[in-house]
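These notes concern the structure reproduced below.
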Amino acid sequence: MLGELKLAILQSGMGQTKMAVALGWDPAKLSRIVNEVIPPNSVERAQIAAYLERSESELFPKTNASARRRRRLPRAQTAPLTERRLNAKLPSAP
């Protein structure tokens, strides 16, 4: 199901990349906000709402603690592969 923000961007007829450039942002940042990887701060919410000419509450209905959260992996599972290989080859302490 599409989120309200994604739907509003599609209805505006402008893609995420063009919108991000118009806001002066990195397109990856807007993508992470749209996909709910990172939450937007109050200034970012206001900028997005003004650009799309919608209310913040309409675009961001889930601002409470029950909002979707990504499961974070332990550091060992997110370390680059070469780092994991190096750590695997180190002898264990006596």
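Residue count for the range 36-54 under the criterion of being exposed (fewer than 15 other Cβ atoms within 10 Å of the Cβ), on the phi < 0 side of the Ramachandran plot and without any contact (Cβ under 8 Å) to a residue 12 or more places away in the chain: the result is 6. Can you tell me which of Arg84, Arg32 is modelled with pLDDT of 90 or more and of a type in the set (Lys, Arg)? Every option except Arg32 fails the conditions.
Restricting attention to the range 18-53, and to residues there that are touching a helix residue (DSSP H, G or I) at 6+ places or on another chain (Cβ under 6 Å) and among the β-branched types (Val, Ile, Thr), which single residue is nearest to Glu4 (Cα to Cα)? Step by step, filter the range 18-53, then rank; the result is Val34. Elements of the type helices (runs of 4 or more DSSP H) sitting completely within the range 1-46 and holding at least 3 residues that are under 16 Å from Ser57 (Cβ atoms): these cover 4-12.
The values are calculated or read from the model by the stated rules, or taken from the named source; none is laboratory data. Note that the coordinates shown come from a computational prediction; the quantities given were computed from them, not determined experimentally. Note that each Cβ is placed from the backbone with ideal geometry, even for glycine, and that neighbours are counted across all protein chains shown.
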